[in-house]
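*Asks:* Let me give you the structure first, and then I'll get to my questions.
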Amino acid sequence: MTPRFKILFIEDEEALLRTYVRILGRQHDVVPANSFAEAEAYLKVDIDLVVSDINSEGETLNGADFYVKHAALLTRHKIG
């Protein structure tokens, strides 16, 4: 049996975010976030993988900034 992972997707384009949920949600628990601010709330739960938009319209952070800001939380888990 393939393990289910909790994947946080950060994407400001709603259609693309729905596509991630529809396709990957069959095998994994997909947590969608429309903004980096929304995504920050989900970091309080165990997330196995973060897939982020690099540049989101109207955001003060970009994907790289988000990672740097939350690196300690994002690297706390080891898979394997």
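*Asks:* Every residue in the range 15-34 that is open to solvent by less than 60 Å² (accessible area, probe 1.4 Å) and among the polar types (S, T, N, Q), please.
*Replies:* Answer for the range 15-34, where residues must be open to solvent by less than 60 Å² (accessible area, probe 1.4 Å) and among the polar types (S, T, N, Q): just T19.
*Asks:* May I pose another question? Looking for whichever is buried (at least 16 other Cβ atoms within 10 Å of the Cβ) and modelled with pLDDT under 90 here; the options are D12, D46. Which one fits?
*Replies:* Checking each option against the conditions leaves just D12.
*Asks:* Somewhere in the range 35-43, is a residue part of a loop (DSSP other than H, G, I, E, B) and open to solvent by 60 Å² or more (accessible area, probe 1.4 Å)?
*Replies:* Scanning the range 35-43, I find no residue that is part of a loop (DSSP other than H, G, I, E, B) and open to solvent by 60 Å² or more (accessible area, probe 1.4 Å), so the answer is no.
*Asks:* Would you confirm whether any residue within the range 19-30 is under 10 Å from the mean Cα position of the chain (by Cα) and modelled with pLDDT of 90 or more?
*Replies:* yes
*Asks:* Follow-up. Looking at the range 1-21, I want the residues that are within 19 Å of F66 (Cβ to Cβ) and of a type in the set (V, I, T) and have a partner that is open to solvent by less than 50 Å² (accessible area, probe 1.4 Å) and assigned to a loop (DSSP other than H, G, I, E, B) with Cβ atoms under 8 Å, at least 6 apart or on another chain. Which pairs are those?
*Replies:* Pairs found: I7/H28; I7/I47; I10/S35; I10/D53; I10/S56.
The values are calculated or read from the model by the stated rules, or taken from the named source; none is laboratory data. On a predicted model such as this, the values are computed, not experimentally measured, just so you know. We place every Cβ from the backbone using ideal geometry, glycine too, and count neighbours over all the protein chains shown. When the accessible area is computed, the model is the full protein with side chains, heavy atoms only, and any ligands, DNA or RNA have been set aside. Shrake-Rupley method; radii C 1.70, N 1.55, O 1.52, S 1.80 Å.
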